[in-house]
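Heads up, the thing below is written out as structure tokens.
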Amino acid sequence: MAKWLFEPGHTAAEFCARHMMVTFVRGHFKNVRGTLFFDPANPSAASVEVTIDAAGIWTGEVDRDAHLKSADFLQVESHPKITFKGNQVEVIGENDAVLTGELTIREITRTVALRVHYLGQWQTPWWEDGADKGPKTRAGFMATTTINRLDFGVSWNAPLDRGGVVVGNTIEITIDAEAILQEF
């Protein structure tokens, strides 16, 4: 099985949560790091391990980011990493699969299923110190899932008039991943 590394500069996890009952707030984590074992000819044997720096959360609003890093949400001082480890793959189409694994947020682990779409692979240049040291083989993936933040102990909220809340419990996640082939 070929070993791939996720390229942190081109791999990100985006999240979307309902805000004030009227809109959605989006944010993301960049510099997602991890290892993928994957062969396009045998996708059902794939496995992945990913680590995200929880303090790297970004929504474009400094005060909101600070609140999301606090004990009310991710509590990054005590729980600096978000991880995902998966190896159960169900192929559901030519380039589509469901990857089931263990997502850990705030040291709470739950089983999560990611719908993964394989975007293909390509030989590309690899620039270091202004010189092309390539080619490198890159593969692209997009994955989505939905989680309930309460399942991970992320429970802060505040009530609004007529029974509403500040933050919805359902979190939609989209992952854009670029992996670089390391070894066959």
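Quick notes
- Considering residues of region 13-54 that are touching a residue at least 60 places away in the same chain (Cβ under 8 Å) and assigned to a strand (DSSP E or B) only, the residue farthest from Thr83 (Cα to Cα): His19
- Taken over region 172-184, the criterion of being farther than 14 Å from Phe29 by Cα and either part of a strand (DSSP E or B) or at pLDDT 90 or above (or both) is satisfied by Glu178, Ala179, Ile180, Leu181, Gln182, Glu183.
- Candidate set: region 29-59, residues that are among the acidic types (Asp, Glu) and under 19 Å from Thr100 (Cα atoms); chosen: the one farthest from the chain's Cα centre (by Cα): Asp39
- Residue within region 128-148 that is buried (at least 16 other Cβ atoms within 10 Å of the Cβ), more than 30 Å from Leu74 (Cα to Cα) and of a type in the set (A, V, I, L, M, F, W, C) present: yes
- Test: residue in region 147-166 that is over 19 Å from the mean Cα position of the chain (by Cα) and of a type in the set (Asp, Glu): yes
- Region 120-133 residues that are in a strand (DSSP E or B), paired with ones that are of a type in the set (Lys, Arg) (beta carbon under 9 Å, 6 or more apart): Gln121/Arg138; Trp122/Arg138; Gln123/Lys136; Gln123/Arg138; Thr124/Lys136; Thr124/Arg138; Trp127/Lys133
- Test: Val62 is at pLDDT 95 or above, loosely packed, with under 13 Cβ neighbours inside 10 Å, β-branched (Val, Ile, Thr) and under 22 Å from Arg26 (Cβ atoms): yes
- Residue in region 123-139 that is within 24 Å of Ser44 (Cβ to Cβ) and either of a type in the set (Gly, Ala, Ser) or under 16 Å from the mean Cα position of the chain (by Cα) (or both) present: yes
The values are calculated or read from the model by the stated rules, or taken from the named source; none is laboratory data. From a predicted model like this one, the values you see are computed outputs, not experimental measurements. We place every Cβ from the backbone using ideal geometry, glycine too, and count neighbours over all the protein chains shown.
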